[in-house]
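Here's the structure, in structure tokens; my notes come after.
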Amino acid sequence: MTGLSAAGYVGLVTGGPRGPVRRFSDLGLERRHLWPALAALGVFLVFGAPVILSGSPTFAGYVKLDDTSTWLAFTDHVLAHGHSASGLAPSSYEATIQINLSAGYPLGAFIPLGVGHELTGSDSAWLFQPYLAVMAAFMALVFYELAAPVIRSHGLRAAAIFIAAQPALLVGYAFWGGIKEVATALLVSVLAAGAVGLAGNGRLRSAVVVPILSGAALIGVMGAGGLPWLAGIMVGVALLMAARLWRAKRSDGDLGALFRKLALGGLVALVGIAAIGLPTVFAGGQLFSPNQGPLTSAEEMGNLIRPLSLAQYPGPWPVGDFRVEPVSDLASLLTSILVFATVVAAGFGLVAAVGRRAWGLLLLTFGTGLGSFVVWVVGSPWVQGKALATGSASFLVLAMVGIGYLLGAGPRAEAEGQRRLFPAIPDLGLRSIGLLLLIVPCGILVSSALAYHESWLAPQSQLAELSEIGDEFSGEGPALMTEYQAYGVRHFLRRLDAEGASELRRRVIPRLDGTETEKGAWSDTDELVMDPEEQGVLTYRTLVLRRNPRQSRPPSPYELVWRGKYYDVWQRPENFDASALIEHRPLGGDLQPAAVPDCAVVQRVAAQAGTTGTVVAAIREPNAVAELPDFPDDWVPDPVNQTLTPLSDGTADGDVKVAEAGRYQVWVGGSARGRVSVEVDGQDAGSARAMLNNNAQFIPLGELDLNAGSLPVSMSYERGGILRPATGGYPFGIGPVILEPVDDAQIVEKTPVDAQRLCGRNLDWIEAVR
């Protein structure tokens, strides 16, 4: 991609065989064409800012909402197989595909992303955020044309549209993977811009093309859920047709011919939309999802904290997380002022749009608003939030057009033939009102900046390891992940037929205590049943395990075949006889995966091996867990989980008791939005920044050579500057700091008679094998 872009740039500058480009007009363009491009580029940068300024090809919304993992699974599948899930082996990927697509889940939003993957060769995960940003930029270009009848100044219009395309809700949803919200917002704007021609004077063939394609695409993206917006805009078209017929009647025109033309255009558009759009829905077997009940339930909140407020629809919401309300009385007052000012600006925009006959703009605002209202009335709070996000830009664009009109009022506008729409208010008064209403774009920019600051970025280096594992071990499944990692099992490891112990899966993977791993949780392999007849660990040829100091060495049939910074890959022989493992007795627990067993335990395992079997054990040195009793006053301790929540920059100090001199891997539990660093005995163990983890996982730092004894330890946290993405919001708890011996567990084999020699040794587990 970089090479192609560079080649294209060189060609643009040199002009190829025609010579170098020295002026904008050399490209066959006028300077006015630069303005919509700048507006679209600005919108692209806003929607892509967290990723662009992070310096990594990642995506937003990680951990906060993992729907993106499902979208990536759909993208992997749709181009080759459509809605069919046949031929897939049982796995989390297969379950994601089969459960959703057999229910008719619409796939239209994922096809361009899949095409982008095929064209560039880049993983769709790294294209995801740019794809959302591109759709938002295209929406801005549509807005630019819709606003043209009202705002004649190209620069002023570009500035207005740049703001209009980034309402707080739409940006917030884009920052947690809201692919359908952004796609629908784009498509309804294209539909409105094209459908207005159905009531115009143009030729029928040209008038129906855009409504048919955009309407069908809307159904392809939203399924039956797109019908309210489609109906809202078509109702608006019907009203425009009625108004034109009324004007024709007053002017004694050929009413019958006009009626036939308009009716034919509307009918052709509807039939074309149905003919192209409905098959994309029925390809999944049904029009409505079997999950329709929860979608309309008043209790279905999804990942929302509260039902969203209608006050969020106009656009500004200067809170980092759109799911919450302003935290202080002053912030609430300022937000209320911003919302009121936006509504006032929309009122001016309405008058200006009617006066300038900007029917496409009005069709967008009121048609989309009607569709969002219908969804709001019948939907659950989760669906209501989606409806508000989808429609918010259509309202904000009317408000920004109103502000643009007020700022552009004056003699120049009259010279261009624009009649005064507010004759009672002098031009200076109109511009003054426009200047006052500039608090609206200021509020929008603040809202976007706060959302940028509190975005949740995926750890690209960690996920890149999963991508590498997926490529290297393709076809060597089934595979098991014991951490909650939806992106791993649904996307990166799909060719290993991977399942997650706490994820959507086909096998139970029971725990030894008779329960199942709760969604989002982590289980050590020693906490899981081994027997494949009970769908235990030995069912899986390959284990992809997150490295952390609490992770036990897998059972003896597994050998380490790959190691990265974040993941280990273990494999057993493909045709391993599971009955050869008579008993696997786990030891240790909590922060120490190994422990010294009672000799009675060793003897019982040896008895299970019989006279012909073997006793196998994993000898492992203990971890050293740091105590950090001295920390800043505003850090919040959690003694149960041994974490500290840093509400400010600072350092926690303490010590750690190292039993034996040697080399140790330094780990910090939890997640860090800012920079976390550790020093042990004056040695820098390294640092990590913007590292989000799922439950019970650790951040790997460096390795240190340490002496035995009680050593000083310090853990520092630094949030980072305001320009850094994803460093805002309430911090996560960090800790404990654990030092893990770098040497892997040593596997030893003993005869049942000699097994007593294992008494007094620190063991990860002990086994009886044939």
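The values are calculated or read from the model by the stated rules, or taken from the named source; none is laboratory data. The structure displayed is predicted, hence computed values, not measured ones. We place every Cβ from the backbone using ideal geometry, glycine too, and count neighbours over all the protein chains shown. These accessible areas exclude ligands, DNA and RNA; they are computed on the full protein's heavy atoms, side chains included. Shrake-Rupley method; radii C 1.70, N 1.55, O 1.52, S 1.80 Å.
Name the pairs: first residue in region 251-270 and open to solvent by 80 Å² or more (accessible area, probe 1.4 Å), second residue modelled with pLDDT under 85, Cβ to Cβ under 9 Å, at least 6 apart or on different chains? Close Cβ pairs satisfying both conditions: Asp254/Ala248; Phe259/Ala248; Leu264/Leu204. Has region 70-93 got at least one residue that is in contact with a Phe, Trp or Tyr (Cβ under 8 Å, 6 or more places away or on another chain), in contact (Cβ under 8 Å) with a residue 12 or more places away in the chain and open to solvent by 50 Å² or more (accessible area, probe 1.4 Å)? No, region 70-93 has no match at all. Candidates are the residues of region 692-717 that are closer than 13 Å to Gly735 by Cα and not polar (S, T, N, Q); the one that is most open to solvent (accessible area, probe 1.4 Å) is Ala696. Selection of region 110-125 for residues being out of contact with any Phe, Trp or Tyr (no Cβ under 8 Å at 6 or more places or on another chain) and assigned to a helix (DSSP H, G or I) yields Ile111, Gly114, Val115, His117, Glu118, Leu119, Thr120, Ser124. Among the conditions (1) surrounded by 24 or more Cβ atoms within 10 Å (Cβ to Cβ); (2) among the β-branched types (Val, Ile, Thr); (3) within 17 Å of Val142 (Cβ to Cβ), Val209 misses just one, which is (1). Entry remark, region 725-747: residues being loosely packed, with under 15 Cβ neighbours inside 10 Å and among the aliphatic types (A, V, I, L, M) number 2 in total. Scanning region 672-725 for residues that are on the phi > 0 side of the Ramachandran plot and among the acidic types (Asp, Glu) yields a single hit, Asp681.
Checking each residue in region 462-484 for being farther than 19 Å from Asp524 by Cβ and open to solvent by less than 40 Å² (accessible area, probe 1.4 Å) picks out Gln462, Leu463, Ala464, Glu465, Leu466, Ser467, Ile469, Gly470, Phe473, Gly477, Pro478. Look at Arg663 and say whether it is open to solvent by 10 Å² or more (accessible area, probe 1.4 Å) and under 30 Å from the mean Cα position of the chain (by Cα). No, not satisfied.
Just a yes or no: is a residue in region 630-648 touching a Leu at 6+ places or on another chain (Cβ under 8 Å), of a type in the set (Ser, Thr, Tyr) and assigned to a strand (DSSP E or B)? Within region 630-648, none of the residues are touching a Leu at 6+ places or on another chain (Cβ under 8 Å), of a type in the set (Ser, Thr, Tyr) and assigned to a strand (DSSP E or B). So which residues in region 292-322 are buried (at least 17 other Cβ atoms within 10 Å of the Cβ) and over 13 Å from Ser336 (Cα atoms)? Within region 292-322, Leu295, Glu300, Leu304, Leu308, Gly320, Asp321, Phe322 qualify. Pick out the one residue from Asp634, Asp630, Asp638, Asp590 that is surrounded by fewer than 17 Cβ atoms within 10 Å (Cβ to Cβ) and over 35 Å from the mean Cα position of the chain (by Cα). Every option except Asp630 fails the conditions. Within region 706-728, the set of residues being outside any loop (DSSP other than H, G, I, E, B) and either in contact with a Lys or Arg (Cβ under 6 Å, 6 or more places away or on another chain) or without any contact (Cβ under 8 Å) to a residue 24 or more places away in the chain (or both) comprises Ser710, Glu718. Close contacts from region 612-639, counting a first residue that is within 18 Å of Pro712 (Cβ to Cβ) and modelled with pLDDT of 95 or more and a second that is open to solvent by 70 Å² or more (accessible area, probe 1.4 Å) and of a type in the set (Phe, Trp, Tyr), with Cβ to Cβ under 8 Å and a gap of 6+ residues or different chains, come to none at all.
Here Ala103 meets each of (1) surrounded by fewer than 24 Cβ atoms within 10 Å (Cβ to Cβ); (2) under 30 Å from Pro279 (Cα atoms); (3) aliphatic (A, V, I, L, M); (4) at pLDDT 95 or above with one exception, condition (4). Within region 33-69, being assigned to a helix (DSSP H, G or I), under 30 Å from Tyr484 (Cα atoms) and either touching a strand residue (DSSP E or B) at 6+ places or on another chain (Cβ under 8 Å) or touching a residue at least 24 places away in the same chain (Cβ under 8 Å) (or both) holds for Phe47, Gly48, Ala49, Pro50, Val51, Asp67, Thr68, Ser69. All told, Val676 falls short of being over 23 Å from Gln485 (Cα atoms) and either of a type outside the set (Ser, Thr, Tyr) or modelled with pLDDT under 95 (or both). Evaluating Gly674 against the criteria (1) over 22 Å from Asp590 (Cα atoms); (2) open to solvent by 10 Å² or more (accessible area, probe 1.4 Å); (3) of a type outside the set (A, V, I, L, M); (4) not in a loop (DSSP other than H, G, I, E, B) leaves one unmet condition, (2). Select from region 548-579 the residues that are farther than 30 Å from Ala688 by Cα and surrounded by fewer than 15 Cβ atoms within 10 Å (Cβ to Cβ) and write down the one among them that is modelled with the highest pLDDT. Looking at residues that are farther than 30 Å from Ala688 by Cα and surrounded by fewer than 15 Cβ atoms within 10 Å (Cβ to Cβ), I get Pro573.
Output yes when any residue across region 610-624 is in a loop (DSSP other than H, G, I, E, B), more than 15 Å from Pro549 (Cα to Cα) and in contact with a Gly (Cβ under 9 Å, 6 or more places away or on another chain), and no when none is. Checked region 610-624: no residue is in a loop (DSSP other than H, G, I, E, B), more than 15 Å from Pro549 (Cα to Cα) and in contact with a Gly (Cβ under 9 Å, 6 or more places away or on another chain). Looking at region 521-532, can you tell me whether even one residue there is under 21 Å from the mean Cα position of the chain (by Cα) and either surrounded by 22 or more Cβ atoms within 10 Å (Cβ to Cβ) or in contact (Cβ under 8 Å) with a residue 12 or more places away in the chain (or both)? Yes, the conditions are met somewhere in region 521-532. Restricting region 108-124 to residues that are under 17 Å from Gly277 (Cα atoms) and open to solvent by 10 Å² or more (accessible area, probe 1.4 Å), which is modelled with the lowest pLDDT? The extreme case among them is Gly108. Pull up region 485-505, narrow it to residues that are more than 16 Å from Val569 (Cα to Cα) and not small (Gly, Ala, Ser), then point me to the one that is surrounded by the fewest Cβ atoms within 10 Å (Cβ to Cβ). Of everything passing the filter in region 485-505, Leu504 is surrounded by the fewest Cβ atoms within 10 Å (Cβ to Cβ). Under the condition of being under 16 Å from the mean Cα position of the chain (by Cα) and without any contact (Cβ under 8 Å) to a residue 12 or more places away in the chain, the residues counted in region 111-132 number 0.
If the condition is being polar (S, T, N, Q) and either closer than 19 Å to Ser710 by Cβ or at pLDDT below 95 (or both), then region 679-690 contributes only Gln683.
The criterion of being assigned to a loop (DSSP other than H, G, I, E, B), free of Cβ contacts under 8 Å to residues at least 24 places away in the same chain and more than 22 Å from the chain's Cα centre (by Cα) does not hold for Pro314. Once region 597-606 is narrowed to residues that are more than 17 Å from Ile747 (Cα to Cα) and not in a loop (DSSP other than H, G, I, E, B), the residue that is least open to solvent (accessible area, probe 1.4 Å) is Val601.
Scanning region 138-152 for residues that are part of a helix (DSSP H, G or I) and buried (at least 23 other Cβ atoms within 10 Å of the Cβ) returns Met139, Ala140, Val142, Phe143, Tyr144, Leu146.
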